[in-house]
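Structure record follows, encoded as structure tokens.
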Amino acid sequence: MFLIVTKYLIPKGYRGLTAFPFVFVKYRADKENVVFVNHEKIHLRQQLELLVFPFFLLYFLEYFIRLVQYRNRDLAYRNISFEREAYHNESDAAYLDRRSFFGFIKYIKQG
């Protein structure tokens, strides 16, 4: 994992962006934020499992489905299965040690 501080690659309203093997953060302080970094490490694992490109394809497909479902950008983003897994487990430093393969699947929910 390579942590890079850059305010130019991060979309407005977000603090970080993960694109294997890089984690881009907007604020230098986030490099030391254990919970934030763990959230991004969960995304790295998801990307590895799906061989990176399919991860992004599924991520944006699910985002658009959730956008139609919720008609709200923030709700759509927060209900993407990949984000639900990362937010739910970001405070658990040992989560990745016991996480099952394709762990995000159990976070897919119906309306």
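Here are a few things to note about the model shown:
- Residue match in the range 35-48 (condition: at pLDDT 95 or above and touching a Lys or Arg at 6+ places or on another chain (Cβ under 6 Å)): no
- Residues of the range 79-111 that are in contact with a Lys or Arg (Cβ under 7 Å, 6 or more places away or on another chain) and free of Cβ contacts under 8 Å to residues at least 40 places away in the same chain: N79, I80, Y107.
- Test: residue in the range 65-80 that is modelled with pLDDT of 95 or more, among the small types (G, A, S) and over 19 Å from K106 (Cα atoms): no
The values are calculated or read from the model by the stated rules, or taken from the named source; none is laboratory data. Keep in mind that this is a model prediction, so the values were computed, not measured. Cβ: placed from backbone, ideal geometry, glycine included. Neighbour counts: every protein chain shown.
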